[in-house]
Amino acid sequence: QVQLVESGGGLVQAGGSLRLSCAPSGSIFSINAMGWYRQAPGEQRELVARITSGGSINYADSVKGRFTISRDNAKNTVYLQMNSLKPEDTAVYYCNVWGAGIGYWGQGTQVTVSS
């Protein structure tokens, strides 16, 4: 069973930066897209950023200009660089990978931004 291993979450002050990374523990064939979602307490999980195998990128409006998603195809690793963090960015961040019609989720990493 392939798992997604996330790292990089933590506590940061408003205006600070964090970098999340996610890599699969094994092989995932025919990866179509990799991305990050987040879920704040009492809220639904929402898309933060997504990058397809063709290089197309989508961002949530709330993070445009502050977050940057990238991927290392050789390592099947996806990154999320988060700058100018705000308290409203506080949430559990989940990595998501789609490959060969199968969706994989990471266990989630907590990001807390203090004011």
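The values are calculated or read from the model by the stated rules, or taken from the named source; none is laboratory data. Everything numeric in this text was worked out from a predicted model, so none of it was measured. Glycine gets a Cβ as well: all are built from the backbone with ideal geometry, and neighbour counts include every protein chain shown. Heavy atoms of the whole protein, side chains included, go into the accessibility calculation; ligands, DNA and RNA do not. Shrake-Rupley method; radii C 1.70, N 1.55, O 1.52, S 1.80 Å.
Things to note:
- Count Lys and Arg as plus one, Asp and Glu as minus one, and take only other residues whose Cβ is under 14 Å from that of residue 41; the net charge is then -2.
- For the chain, size of Cβ-based charge dipole, Lys and Arg +1, Asp and Glu -1, in debye: 200
- Sequence of 72, 61, 89 when ordered by accessible area, the most exposed leading, probe 1.4 angstrom: 61, 72, 89
- Exposure of residue 86 as accessible area (Å², to 10), given a probe of 1.4 Å and all protein chains: 80
- For the chain, the relative contact order works out to 37 percent when only alpha carbon pairs closer than 8 Å and six or more residues apart are counted.
- Pairs of Cα atoms farther than 16 Å apart, the chain, %: 56
- If the chain linking residue 75 and residue 45 were pulled fully straight, counting 0.36 nm for each residue of separation and taking away their Cα-Cα distance, it would gain 8.2 nm.
- Taking all protein chains into account, the per residue accessible area for region 1-85 stands at 55 Å² (1.4 Å probe).
- Heavy atoms of residue 11 accessible to a 1.4 Å probe, total area in Å² rounded to 10: 130
- Rolling a 1.4 Å probe over the protein chains gives residue 88 an accessible area of about 130 Å².
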